[in-house]
Amino acid sequence: MKKTNDVIGLGHLCIHGLSILSEHALGFQGTTDAVAIQFFLKNINPGMRNAARKLFGRTSSLQSRPNVFGELLKFMVTPTTAILEAVDWVLNGTDPDIALHMRMLTNRSVRAVKVAIKCIKMALHNYGLQIAKPRVVLVSDTPSFIKDISPNLTKFADVLYFDYEMFKGSISNFSMNMKKQSTDFRIKDWGPAPRWVAFVDFFLASRAKHAVISGANRRVGTTYAQLIAALAAANSHGDASKTTRFAFLSSFQSNLLVNGLAKQVGWGHIWNRFAGPLSCRSQPDQCAFTPLLPPAWWDGEWQSPIPRDIRRMQAYGVQVTEMGLVINSSLENHCTQRKDRIKIINVFPS
C-alpha cells in the first residue's frame, strides 16, 4: 500500500476497506473526526478490528502506518482546470523538490524562519539529494513570510510561490473569474489573498517530489499541512521515476518546546497526543519525523494527554497508565457494560 503504480486499484482497496468499517459503524455517533479511526482499531468486534488493522496498519509503529488519506485524495480529488492553470503557471514544467508550509497567523517570528531553513537543509542532507539548486515551493497564510524567508533560501535554492496578483495580471484569459473577497474576513486563517488561493497553494505544494515541511508560529502540523503531505507522498510513490524516499517533517522552534508540546492542542491534532506531562521539555529546535497517517488517542505508546483529554478519553471508557499506555481491560469493560437502548413506539393504538 505504500508504493504502487496501480493508483486506481489502491483507491478501490481503500474505499472497500472503509465500506467494510462503515457497515459495522452504522448508527454509531462520534466517528467524524481524527479519533474515529480508533473506534475501529480498538473495537471489541473482531470483524471491525481486523478490517481496521488491514487498512490503517499497526498502531505500535507510526512509521508503518500506510498513507490511506493520501491515496484516497489522489484517487478521488482532482483540481479544476482553473486551479491547475495557476499551478502550472508557477511550476513552469518542473515539479518542486520540497514544499514548506508555514501557518504564521500574521506573526513575523524570526525563530520560526531560521528553524524552517535549517529543516530544509536537513531534509536535503538526510535524503542525499544531489541537486545543484533544489526547487522549494513556499505556502503561507502570511505574505510577509515569503519576503522574510526568501533572501536566505535563494542562497541555495530556487524559491517558488503563487503570487495571485501577478498571476491575474499575466494571464489574459483568466479562467477563475472570481470576485475579490474582503481582506478582513478570517485574515489570520487565510491571509489577505482570496480564499481560492488556498486551493492553488494546496495543489502546488502537493507536487513536491521529496519532502513536505510543516512549520508555524504556534501550531505545527495542521490538517491542511497533513493533507498536503499525504497527497504529495501519494503522487511521489505513484511515479516510478522518483526513487527517493518521501518525508513529512515538522519544524519546531525552541519556544514551542520549552513546555514540551503544550501549544500543540486540538482534538485529533497530529502532535496533540504528545502535549501532556510526559512530553520532552526545554529542547532545542527540531526537524521531527511526522507520520503521514496522523496518530490519535488510543494509539501506541508514550501518550501524554493533558487533563482535558484524559476526561474525554474516560468518557469513551479509555484509561491510560502514568506512562501513557492504554489499559485495554478498562475499554473492554466499558464496552461490555453498555446496554443497547431500544425504544418502542406504537404507531397505531392497540
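The numbers here are math on the coordinates, done by the rules we state, and not lab data. In this text the structure is predicted, and so the values were computed from the model without any measurement. Backbone-built Cβ (ideal geometry, glycine too); neighbour counts: all protein chains shown.
Just add up the charged neighbours of residue 143: K/R +1, D/E -1, any other residue whose Cβ is under 12 Å from the Cβ of residue 143.
Here the charged neighbours net out to -3.
For the range 43-59, in order, what is each residue's ³J(HN,Hα) by Karplus, 6.51 cos²θ - 1.76 cosθ + 1.60 with θ = phi - 60°, in whole Hz (x at glycine and Pro)?
Using θ = phi - 60°, the values come out as 5, 7, 7, x, x, 5, 5, 5, 5, 5, 5, 5, 7, 10, x, 6, 6 Hz.
If you keep only loop residues by DSSP, which trypsin sites (Lys or Arg not before Pro) in the range 258-350 have at most 15 other Cβ atoms within 10 Å of their Cβ?
Of the trypsin sites (Lys or Arg not before Pro), the ones in loops of the range 258-350 whose Cβ has at most 15 other Cβ atoms within 10 Å are 281, 338, 339, 341, 343.
Fully extended, how many nm does the chain gain between residue 301 and residue 64 (0.36 nm per residue separation, minus their Cα-Cα distance)?
83.9 nm
With θ set to phi - 60°, apply the Karplus curve 6.51 cos²θ - 1.76 cosθ + 1.60 along the range 249-255 and write out the HN-Hα couplings as whole Hz, x wherever there is a Gly or Pro.
Once rounded to whole Hz, the list reads 10, 10, 9, 10, 8, 4, 5.
Tell me the net charge near residue 319. Cut-off is 13 Å between Cβ atoms, residue 319 excluded, with +1 for each Lys or Arg and -1 for each Asp or Glu.
Cβ neighbours under 13 Å give a net charge of 0.
Short version: ³J(HN,Hα) in whole Hz for each residue of the range 103-120, in order, from phi by Karplus 6.51 cos²θ - 1.76 cosθ + 1.60 (θ = phi - 60°), x for Gly and Pro, what are they?
9, 9, 6, 6, 7, 10, 6, 5, 5, 4, 5, 4, 5, 4, 5, 4, 5, 4
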